[in-house]
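Peer 1: I'd like to ask you about the structure that follows.
What follows draws every value from the coordinates through simple rules; no lab data is involved. As the structure is a prediction and not an experimental result, all values here were calculated from the model. All Cβ positions, even for glycine, are placed from backbone atoms using ideal geometry, and neighbour counts span all protein chains on display.
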Amino acid sequence: MNASTIAVHCENLVKVYATGDQKVTALNGINLDIALGELMMLVGPSGCGKTTLISVIAGILDQDEGTCELFGHNLLTMRSSEKLKFRAQNIGFVFQAFNLLPALNAAENVSVPLIINGVKRQEAERKAVTLLEQVGLGARTKSLPSELSGGQQQRVAIARALVHNPRLIVCDEPTSALDHESGRKVMTLLKEVALHKDRTLVIVTHDARIFEFADRIAKMDDGHIINVSASTQLN
Amino acid sequence: MNRIALKMLMGDRGKYFGIVMGLTFASLIMTQQPAIFVGLMTRTFSFISDVGLPDIWVMDAKVQFVDDIKPLQDTELYRVRGISGVEWAMPLYKGLLKARLTDGTFQTCNVVGLDDTTLIGGPPLMLAGRLEDLRRSDSIIVDIDGIKEKLTKPSGTAKGKSIQLKIGDSLELNDHRAIIVGIAKVTRTFQSQPVVYTTYSRAKSYAPKERKLLSFVLVKAKSGQNLTELAKRIRDSTGLAAYTSDEFKELTYQYFIKNTGIPINFGISVLLGFIVGAAIAGQTFYNFTLENLRQFGVLKAMGTSNWTLLRMILLQAILVGTIGYGLGVGLTALFGYSMRNTILAFRFPWQLLIFSGAGVSVICVFAALLSIVKVIRLEPAIVFKG
C-alpha cells in the first residue's frame, strides 16, 4: 500500500481504561493500515478492543499512545472544533442498535448529518429522500423508526451514514440485531451502495455469516491484532 | 438543529406533558398563593383606598394602622384647617359598633361617620339609594357583602334561607334605630366586617360616650402643594401624625407584615410550592435528557458541537418553561376570575408575573444546566455500547 492509497494508518495504538485502581488495556500496540476503497472487518471475542479501535479511528475517542491518521490527518493533534468538523464531513456511522432519533421520520433522520454540516433543511431532506430511494425505502420516507422493521431501520441508518458522502464509514455490528436474510441484504447494500474506490468501510462484527463481504479481516484478541487476512483465508 | 431539538422534546408526548405539567404546577403555586397574600394584604388598607378623595390623613401620633383608632378632640379639625396649603379638612369617624339584628343576635360593624355637610369619605360605589340620603334622619348605608352575608334576617321557617336586608329595613346600633337608605359596594376589609356609613354627628351618637371621638381628619391639599411637605407642616404645627394616602397604606401594610404571621405562613407555602414544582419539573426535564443521552451521543459522534447541543437543550427548556409558565399563570388568572365575587382575597399585580416568571426561569435554567453538564461530559463513544 502506498501512502496516497491509505485511508487509515494506526501505529502502536494504546488505550487504557482506568476504573478506580483497576486498569484495563483495551488496545495494546495496534498497527493497522486500511486502504481507500477497502472493506475491512474487525473481528474477535467480546472485550478484545474492536469497538475501542473503531472509536479511535472515528475520532470519538482519544488514544493514550501511538498515532492514528485518517486520510493523512492526525485527529489527536486537531483542535476540538476542527475534529468535530472533520468528523462531520468525513465519517459516517452505522450502529448495532441503529440509533435513529425516534421522534424524526426516516427522511429527517437521514438528513441529520447534512444539517450538522450546515445544509438547509429542505435541501437536506430532498437529498435524504433520494438516498432512501437508493436503499429501497422510497415509500417509507415519512415513517417513524418505530414503524419500520429492524432491517428497514438499518437501511435508514446506512442512508444516514452515506448522505453527506463521507470518505470513511464505521459500522458497529450492523447485522447483529437482524435475522440472516436482513443481515445479508444490509451487507449487500453496504457493499454495493456505500463502497467505492474513494470510500473505506470499517466494520466491527461477530457475525461469521457476513465475513465473505470483507476485503480483509483483522482478527483481534486482548487488545492486539493477531492476524490480518483476506476474508477467504479466515475460515 | 432547533427543529430536531423540538421534535426530540415533543416526540414522547407523555414525558413532554409531564415536564410542562410540572412547570405549570410550579408556576400556579408561585402565582396563586402570592396573589392571595397580596389580596389579603391589600385588604388591610382597602378602607384608605376606598376613601379616595383626600390627599392627607391626619391622626393621633401613636396610630399604627388604619384600624388602630386613637381618637382626637374635635378641635384638632380646626387647627388642621388653619394650616397653610390646606384646601379643606373634614372629620371622619371610624369605629367598631355592635348592631342588633331583628332576631336578637349581634354583629360587629365597622361604622364610618362622614362629614354631615359634604359627606366626604363615602363609599366608592352606590348600588342602591343615594349618598345624599344619609341626610335623612336615622339613615345608614350598608355594604352589599355585609347585607348578603352577615346582616341577614332569619326566614321564619326552620330550613329556609335567611333573608337579605333591603332599603327601608332597620337595625339597632347601640340602642339607636338605624334605617337602611342605601346599599354600597366597598372593597372588603381585612376583618370582613359589614361597613355601615352614616353622618359624623350621627356616628358620634351611636358610639359609646367618650371625650374624644374624631378618628381622622381628611385633608385636601391646595393645587400645586407638595404633599410630603404639607404633611410635615401639619405634623410640625399640630403634633399629630399626618400621612399621604400612600404613606398611610404603607404604614398599615408594614404593621401587618411585622405583627402578624401572614407573610411567614404564605412565604412557607410559596417556598414549598417552588421547591415541589422545581423538583418535579427539574427532575422530569433532567430525566428526559438522561433518557435522550444516547441520541445526544449520536449527534455528538456525527459532529455536533457542544455549543449546538447546549442551544438545543436551552431551547427545549425555554419552550417547556414558557408553556408551563403560561398555563400556570392562566390557571391562576382563571382561579382569580372565578373567585372574584367571593370572600377570597385575590389580587394579581404585574409584579407577580415577573416574580413567577423569574421562579420558573430559575427552575428551567437549573434543570437545563444539570442536563447540559451531563451532555457536555458525555463521551460520544457511548454510541458504540449496545
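Peer 1: Along the charge dipole of chain A, which of A:Thr52, A:Val163, A:Val228 sits closest to the positive end, that is, farthest toward it, with unit charges on the beta carbon of Lys, Arg, Asp and Glu (+1, +1, -1, -1)?
Peer 2: Looking along the dipole axis, the top candidate is A:Val163.
Peer 1: Against the empirical 2.2 N^0.38 Å scaling, what ratio does the C-alpha Rg of the stretch B:5-114 come to?
Peer 2: Taking N as the residue count of the stretch B:5-114, the ratio is 1.95.
Peer 1: Looking only at other chains, what is the average number of their beta-carbon atoms within 10 angstrom of each beta-carbon in B:168-174?
Peer 2: Mean shielding by partner chains, rounded to a whole number: 0.
Peer 1: Let me know the charge dipole size of the protein assembly as shown about its Cα centre in debye, to the nearest 20, where only the beta-carbon of Lys, Arg (+1) and Asp, Glu (-1) is charged.
Peer 2: 1640
Peer 1: Rg/Rh for the stretch A:50-171: what does it come to with C-alpha atoms and Rh from Kirkwood?
Peer 2: 1.01
Peer 1: Could I ask something else about it? What size of dipole, in debye to the nearest 20, comes out for the stretch A:17-100 about its Cα centre when the only charges are +1 on Lys and Arg C-beta atoms and -1 on Asp and Glu C-beta atoms?
Peer 2: Here the stretch A:17-100 has a charge dipole of around 280 debye.
Peer 1: Would you mind checking A:Lys142/B:Lys7; A:Lys85/A:Lys191; B:Lys15/B:Lys300; B:Lys98/B:Lys209; A:Lys23/A:Lys50 for any pair whose Cα atoms are more than 20 angstrom apart?
Peer 2: A:Lys85/A:Lys191; B:Lys15/B:Lys300, as the Cα separations exceed 20 Å there.
Peer 1: Using every Cα-Cα pair within the stretch A:124-194, state what percent have a distance larger than 15 Å.
Peer 2: 49
Peer 1: Continuing with this model, one more query. Under 19 Å Cα-Cα from B:Lys148, which aspartates and glutamates qualify once same-chain neighbours fewer than 8 residues away are excluded?
Peer 2: The reachable aspartates and glutamates, counting only those whose Cα sits under 19 Å from B:Lys148, are B:Asp103, B:Asp169, B:Glu172.
Peer 1: Follow-up question, since we're still on this one. Please state the Cα pair-distance histogram of the stretch B:159-245 with 10 angstrom bins from zero: what percent is in each bin?
Peer 2: Pair shares across the bins are 12, 28, 30, 20, 8, 2, 0.
Peer 1: For chain B, take the alpha-carbon Rg, divide it by the Kirkwood Rh, and send me Rg/Rh.
Peer 2: 1.18
Peer 1: Another one. Principal axis extents for the stretch B:135-284, Cα atoms only, whole Å, descending order, please.
Peer 2: 67, 60, 30
Peer 1: Once you average over the residues of A:98-105, how many Cβ atoms of partner chains fall within 10 Å of each Cβ?
Peer 2: For this peptide, the per-residue mean of nearby foreign Cβ atoms is 6.
Peer 1: Grab every C-alpha pair in the protein assembly as shown, bin the distances at 20 angstrom width from 0 up to the longest one, and report whole percents.
Peer 2: Reading upward from the zero bin: 16, 30, 17, 15, 17, 4, 0.
Peer 1: Among the helices of chain B (complete DSSP H runs), which have Cα atoms covering no less than 20 Å along the helix axis and a Kyte-Doolittle mean of at least 1.6?
Peer 2: Result, helices passing both filters: B:350-377.
Peer 1: To the nearest 500 deg cm²/dmol, what mean residue ellipticity at 222 nm is calculated for the protein assembly as shown from DSSP H runs of n ≥ 4 alone, each contributing -39,500 (n - 2.57), summed and divided by the residues?
Peer 2: -13500 deg cm²/dmol
Peer 1: Determine the gain in length on full extension of the stretch B:Arg13-B:Arg177; use 0.36 nm per residue of separation and subtract their C-alpha separation, reporting nm with one decimal.
Peer 2: Gain in length upon complete extension: 52.3 nm.
Peer 1: OK, next. Mind checking the angle between helix A:121-134 and chain A's longest principal axis? C-alpha axes, 0 to 90 degrees, to the nearest 10.
Peer 2: Here the helix axis deviates by roughly 80 degrees.
Peer 1: Using the per-residue mean of other Cβ atoms lying within 10 Å as a proxy for protection, in what order, highest first, do the peptides B:100-108, B:373-381, A:35-43, B:297-305 fall?
Peer 2: Taking the mean over residues of other Cβ atoms within 10 Å, the ranking is B:297-305, A:35-43, B:373-381, B:100-108.
Peer 1: Can I ask one more? Averaging sequence separations of C-alpha pairs under 8 Å and six or more residues apart, then dividing by the length of the stretch A:77-198, give the relative contact order as a whole percent.
Peer 2: Relative contact order comes out at 36 percent.
Peer 1: Enumerate the aspartates and glutamates that A:Lys219 could reach by cross-link, defined here as Cα to Cα under 18 Å, with residues fewer than 8 away along the same chain left out.
Peer 2: The qualifying aspartates and glutamates are A:Glu11, A:Asp33, A:Glu38, A:Asp172, A:Glu173, A:Asp207.
Peer 1: Same structure, new question: Could you work out the mean count of beta carbons from other protein chains within 10 Å of each residue's beta carbon in A:61-68?
Peer 2: 1
Peer 1: If R0 is 30 Å, what FRET efficiency do you get for B:Ser84 and B:Leu53 from their C-beta distance, rounded to 0.05?
Peer 2: The pair B:Ser84/B:Leu53 has a calculated efficiency of 0.90.
Peer 1: Another one. Give me the extension gain from B:Phe355 to B:Asp246: residue separation times 0.36 nm, minus the current Cα-Cα distance, reported in nm with one decimal.
Peer 2: Gain on stretching B:Phe355 to B:Asp246: 37.0 nm.
Peer 1: For the peptides A:160-172, B:179-191, what is the packing order when you average, over each peptide's residues, the other Cβ atoms within 10 Å and list the highest mean first?
Peer 2: The densest-packed peptide leads the list: A:160-172, B:179-191.
Peer 1: Here's a follow-up. Given the peptides B:48-57, B:82-91, arrange them by the average over their residues of other C-beta atoms within 10 Å, most packed first.
Peer 2: B:48-57, B:82-91
Peer 1: By count of other Cβ within 10 Å, fewest leading, how are A:Ile158, B:Ile264, B:Ile163 ordered?
Peer 2: Least crowded to most crowded, the residues run B:Ile264, B:Ile163, A:Ile158.
Peer 1: Can you tell me what share of the DSSP beta bridges in chain A is antiparallel? A percent to the nearest 5 is fine.
Peer 2: If I count the DSSP bridges inside chain A, around 60 percent turn out antiparallel.
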